[in-house]
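Chemist: Quick one: structure below, then a few questions.
The values are calculated or read from the model by the stated rules, or taken from the named source; none is laboratory data. For clarity, every value in this text was computed on a predicted model and none was experimentally measured. Reconstructed Cβ throughout: ideal geometry from the backbone, glycine too, with neighbour counts over all protein chains shown.
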Amino acid sequence: MTLQSLESELKKRLDFRYNWGRMQSDDWDFKTKFIYQVQVFESLENQCRDFDESLRNYTFNRWLNFWSAKAVESIFASNPLVKKEDNQFSKTVDFYISGIPFDHKSSVFPRQFRKNFDDAINHKKELIEWLYHNQSQQGRKHYANRLFIIFYDEKNGEHWKLKTELALIKEKITDYLSNFSADNLVSLNLESHEILSDVIWIKV
């Protein structure tokens, strides 16, 4: 499926209320693991027809997050500076930029962060540290290099909807890579791990 076609499918999620209903859990992740094989939203709906509302919402959200993240990885991999990680099951590396390994994490701007968005831009290292310390406690928790994609909708506050804007995401990633320098990365020492990290802002 092309990036444009996938964006059209992801936007169909926008017609439904956004509500997780519960914290992400291994149990519900297992029940909804079929999302990895479904790109067409109507097919997703059909497979959720016997779910209660909470599990259906959970499924829709996981589906959106997964396929938006896969699109992000595809966008990176299409750039000549980037090499995709050969091991598709790696939990700590998605790709290499100029030989530097990175996992990527797409996140909405966290409401719990004690600074507003403009302050976060000026205190990027503080935000990155916060994101590492407050990351998921499930299987993808780690202290390896990570590149954060942060979504922020200034007008409506519906940051999650920007995960469907694949053309905009591609524009921002392309711009970031065209100006990429290892010297500009944020260096951290967390839990005895030396980490390189950075943020790409997706803002409207």
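Chemist: So Glu45 fits all but one of (1) on the phi < 0 side of the Ramachandran plot; (2) at pLDDT below 95; what number is the exception?
Modeler: (2)
Chemist: Let me ask something else about it. If I go through segment 1-54 residue by residue, how many of them are free of Cβ contacts under 8 Å to residues at least 40 places away in the same chain, part of a helix (DSSP H, G or I) and out of contact with any Asp or Glu (no Cβ under 7 Å at 6 or more places or on another chain)?
Modeler: The qualifying residues number 21.
Chemist: Within the group Phe89, Phe117, which residue is over 17 Å from Ser197 (Cβ atoms) and touching a residue at least 24 places away in the same chain (Cβ under 8 Å)?
Modeler: Phe117
Chemist: Could you please find all residues in segment 69-85 being in contact with a Leu (Cβ under 6 Å, 6 or more places away or on another chain) and either assigned to a loop (DSSP other than H, G, I, E, B) or farther than 15 Å from Thr2 by Cβ (or both)?
Modeler: Selection gives Asn79, Leu81.
Chemist: Could you say which residue among Leu55, Leu44, Leu10 is over 19 Å from the mean Cα position of the chain (by Cα), closer than 30 Å to Glu171 by Cα, surrounded by 15 or more Cβ atoms within 10 Å (Cβ to Cβ) and of a type in the set (A, V, I, L, M, F, W, C)? Step through it out loud before you land on a result.
Modeler: Working: Leu55 fails: closer than 30 Å to Glu171 by Cα; Leu10 fails: over 19 Å from the mean Cα position of the chain (by Cα).
Matching residue, one of Leu55, Leu44, Leu10: Leu44.
Chemist: A further question follows. Picking from Lys91, Lys105, Lys70, which residue would you name as being of a type in the set (D, E, K, R), within 26 Å of Lys31 (Cβ to Cβ) and buried (at least 17 other Cβ atoms within 10 Å of the Cβ)?
Modeler: Result: Lys105 is the single residue among Lys91, Lys105, Lys70 that is of a type in the set (D, E, K, R), within 26 Å of Lys31 (Cβ to Cβ) and buried (at least 17 other Cβ atoms within 10 Å of the Cβ).
Chemist: Condition check: modelled with pLDDT under 95 and either surrounded by fewer than 17 Cβ atoms within 10 Å (Cβ to Cβ) or among the hydroxyl-bearing types (Ser, Thr, Tyr) (or both). Does Glu194 satisfy that?
Modeler: Yes, satisfied.
Chemist: Is there any pair with a first residue in segment 151-165 that is at negative phi and a second that is part of a loop (DSSP other than H, G, I, E, B) and among the charged types (D, E, K, R) whose Cβ atoms are under 9 Å apart and which are 6 or more apart or on different chains, and what are they?
Modeler: Final answer for the pair search is Phe151/Glu165; His159/Asp153; Trp160/Asp153; Lys161/Asp153; Leu162/Asp153.
Chemist: Moving to a separate point now. Checking the condition surrounded by 12 or more Cβ atoms within 10 Å (Cβ to Cβ), in contact (Cβ under 8 Å) with a residue 60 or more places away in the chain and within 22 Å of Gly157 (Cα to Cα), which residue from Leu64, Leu131, Leu81 passes?
Modeler: Step by step, each of Leu64, Leu131, Leu81 is checked, and only Leu64 is surrounded by 12 or more Cβ atoms within 10 Å (Cβ to Cβ), in contact (Cβ under 8 Å) with a residue 60 or more places away in the chain and within 22 Å of Gly157 (Cα to Cα).
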